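S.K.: First the structure, which I've put down as structure tokens, then a few questions once you've had a look.
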Amino acid sequence: MPSSSAYLPLHGDRDGTFCIPNFLTMANESKLINIYRRATRQLETTVRRADPRKPIILIRKVIMGDINKIAADLERETKNWLVVEIPQEYKKGSQQAVDDAGKLGLTLDKTGFGQVHKEAIQALTEDAYLDFAAGIEGVRRAGRGFVSDIVKKKINEQIISGQLEGKALDNVKREVKQLVEDTGFTALVDRGGKHWTIDSYAEMLVRTHVIKANGEGTKNRLLANQVDLVEISTHATSCPVCQPYEGQVYSLTGKSEGYEKAPELPIHPNCRHSYMPYIEN
């Protein structure tokens, strides 16, 4: 049987696509994604409007000041979103377990969210924030890289022309604009060598952590009711990473005889598969 892959952006499908969950058109998920898209535009504008005629120390201060402000705003908005949406998605997964079990004739105890559930939600929220924080730090790192490149281009033009006015100034501005267009603000480079821009990285994280919280809510509600066997949902996907899991039955704990331990969800970035309770015939 296949082994579960990491949920972080370590690889994509062979054709570069993912099984994208349909629920991500929902307003709550779109809200955070749009915040990061807006921040991307702000970051690019900040670098493009840098004035190469200014002293190097002032260029660094102005650009990094603006970038740090944008990054701080992203940190605040991300925290505000996570502390609301991760618990809600966990509870949705828990309720889904109750609903799916009901279709099989099982009645699950759905009373309250005890300490185990609260700790699970806290861990999910903290893990999600750490992933977003890594991307935001990537923004600051990219900003420092842009400043360094602007300074180098300014110095090179000054050496060539003796001053930075007229055509020389236009050259630097044009090169900086091209630099932003070519590279963007890279949040991180994954093990496969793919460069994730901050907005694409954030979009992937929203999808990944929403489905992870949903899956944990389902799993913990089932385990609390001594339901260990689950079937991985089927979506007729062409994704080669998760296709082997579809419709297969697993043990959540790995202790049910004759069944392998269930893979962690999501199986890969943007995966939409879920756990469904399973009863042996």
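S.K.: Assuming R0 = 45 Å, can you tell me the calculated FRET efficiency for the pair Leu223 and Val189, based on Cβ-Cβ distance, to the nearest 0.05? Walk me through the intermediate numbers first.
M.R.: On the way: r = 37 Å, r/R0 = 0.82.
FRET efficiency, Leu223 to Val189: 0.75.
S.K.: A further question on this structure: Can you give me the long-range amide H partners of Lys261? Hydrogens built in the peptide plane at 1.01 Å from N, cutoff under 5 Å, separation of 5 or more residues or another chain.
M.R.: Amide H neighbours of Lys261, under 5 Å, 5+ apart: Ser251.
S.K.: Can you tell me the FRET efficiency between Lys31 and Lys69 if r is taken as the Cβ-Cβ distance and R0 is 30 Å, rounded to the nearest 0.05? Spell out each step's value before the answer.
M.R.: Values: r = 21 Å, r/R0 = 0.68.
The formula returns an efficiency of 0.90 here.
S.K.: Could you work out how much longer the chain between Gln88 and Ala133 gets when fully extended? Use 0.36 nm per residue separation minus the Cα distance between them, nm to one decimal. Intermediate values should be presented prior to the final figure.
M.R.: Working: separation 45, 0.36 × 45 = 16.20 nm, distance 2.12 nm.
Length gained, Gln88 through Ala133: 14.1 nm.
S.K.: So what are the ³J(HN,Hα) numbers for region 265-281, from phi and the Karplus equation (6.51, -1.76, 1.60; θ = phi - 60°), rounded to whole Hz, Gly and Pro as x?
M.R.: 9, x, 5, 8, x, 6, 5, 10, 6, 9, 8, 10, x, 10, 10, 5, 6
S.K.: Could you please state, rounded to a whole Å, how far the C-alpha centre of region 219-237 is from the C-alpha centre of region 176-213?
M.R.: 31 Å
S.K.: Next up: How large is the Rg to Rh ratio of region 179-274 when both quantities use alpha carbon positions and Rh follows Kirkwood? If you can, show how the numbers build up before the last one.
M.R.: Details: Rg = 16.8 Å, Rh = 15.3 Å.
Rg/Rh: 1.10.
S.K.: Okay, next question. How many nm is it between the label spots at Glu181 and Gln115, if each spot is 7 Å from the Cα in line with the beta carbon?
M.R.: For Glu181 paired with Gln115, the spin-label model returns 6.0 nm.
Coordinate-derived values only; no laboratory data. Note that the structure is a prediction, hence the values are computed from the model and not measured. So basically every Cβ, Gly included, is an ideal-geometry build from the backbone, and we count neighbours across all protein chains shown.
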